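Structure record follows, encoded as structure tokens.
What follows draws every value from the coordinates through simple rules; no lab data is involved. Remember, it's a predicted structure, so these values are computed and weren't measured experimentally. Note that we place each Cβ from the backbone using ideal geometry, even for glycine, and neighbour counts take in every protein chain shown.
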Amino acid sequence: MSTVLTPAKEKSKTRKAVVDPDWCAGCGDFGVLKSLKSATTDNGVKPHELLLVSGIGCSSNLPGFFYSYAVHSLHGRALPVATGAKLANHNMKVVITGGDGDGYGIGVGHFIHAMRRNLDLTYIVMDNEIYGLTTGQASPTTAEGHKTKTTPRGNVEKPINPLALALTAGATFVARGFSAQPAQLTSLIEQAMAHKGFALIDVFSPCVTYNKLNTYSWFKERVYKLEDEEPDRDLTDFSAAMTKAMEFDSRIPIGLIYRIEKPTYEDTEPVLLKGPLVDQSLGIKKELFDQLLAVTM
């Protein structure tokens, strides 16, 4: 006898939200959303055990298209919001989704500090090398010479290297994916969520409307899977990982670049050793708590 799923059970099984994605047809973010849905159903994380946090941008709309707890926060401020949520309940799986402008531009300061603290967070950045939501301005990862709305004569700024930055700042899991390689990306997300520590997955997610340079074809001509060509490489070798991070020319590696195990911020904070803050006693009477809340709210 077949099982009839209620709407709630159906959403729990597929992670499909009430709202459908409104991205441009062909946007790379569709592939990221699909891979995230697959990863969270494959790894058995239930919707109420997962919090998605985003900032502002096309890609930052993703939590609205996903069935779980979610916070759509401010531009560049997804990581501090995610940090607060994780420290309040470090048993919760917290995944941040955003774009290169949101994370590597407006939010780059938060990005660095979250990595050096080795917070147990998974950060998926949909890197389209352009500001898509605001219609095509140069972003922190836009290539030199690229003509955009704000750089009509060609971009004169050197783009940042997210993987190299993550390595030097202290991220303990560093990977790169491509939205047109959903099986590999799903595996990377699963591994990142299982990793205890700060995990970055920089995902090539082409903007089909405003970036006519870094297209699907452009990436497909260049990317190669590390697990296929170098299956036995030492993932704890920092120097080797940095070499791969700097490889961005006629060939670009995708896959897991670096992974090490070290204590997380949550492991070393004495207050959190007693368990999640949400389960700990406030230590004050309810009357005083209500008074404090009334003053601050």
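Before moving on, here are some points about what is shown:
- Viscosity 1.567 mPa s, 4 °C: Kirkwood-radius Stokes-Einstein D of the range 94-151 over Cα pairs, µm²/s: 106 µm²/s
- Theoretical FRET efficiency, 1/(1+(r/R0)^6), r = Cβ-Cβ of LYS158 and GLU221, R0 25 Å, to 0.05: 0.65
- Rounded Å value of the spacing that divides the Cα centres of the range 232-297 and the range 131-177: 24 Å
- Antiparallel DSSP beta bridges within the range 11-296, as percent of all bridges there, nearest 5: 15 percent
- Summing Lys and Arg as +1 and Asp and Glu as -1 over all other residues whose Cβ lies under 15 Å from the Cβ of THR268 gives a net charge of +1.
- If you run the Gaussian network model on the chain, springs between alpha carbon atoms under 10 Å, then out of GLY154, GLY28, GLY103 the most flexible one is GLY154.
- Neighbour net charge for THR150 - beta-carbon separation under 15 angstrom, K R +1, D E -1: -1
- Viscosity 0.692 mPa s, 37 °C: Kirkwood-radius Stokes-Einstein D of the chain over Cα pairs, µm²/s: 164 µm²/s
- Along the axis of the charge dipole computed for the range 11-296 (Cβ charges of +1 for Lys and Arg, -1 for Asp and Glu, origin at the Cα centre), the listed residues CYS58, VAL295, ALA164 are led at the positive end by VAL295.
- Reachable aspartates and glutamates, given that their alpha-carbon falls under 19 Å from the alpha-carbon of LYS158 and they are not under 8 places away in the same chain: ASP100, ASP102, ASP127, GLU129, GLU144, ASP202, GLU247, ASP249
- Mean residue ellipticity (222 nm) of the chain, computed from DSSP H runs ≥ 4 via -39,500 (n - 2.57), nearest 500: -9000 deg cm²/dmol
- The residues neighbouring LEU121, those whose beta-carbon lies less than 13 Å from its own, together hold a net charge of +3 under the Lys/Arg +1, Asp/Glu -1 convention.
- Between the residues GLY145, ALA192, PRO276, the greatest Cα displacement towards the positive end of the dipole of the chain, with unit charges on the Cβ of Lys, Arg, Asp and Glu, is found for PRO276.
- Calculated FRET value between SER250 and LEU293, using beta carbons and R₀ = 41 Å, to 0.05: 0.10
- Only Lys, Arg (+1) and Asp, Glu (-1) charged, at Cβ; the range 11-296 dipole about Cα centre in debye: 560 debye
- Label-point gap, in nm, between LYS16 and LYS262 - each point 7 angstrom along Cα→Cβ: 4.3 nm
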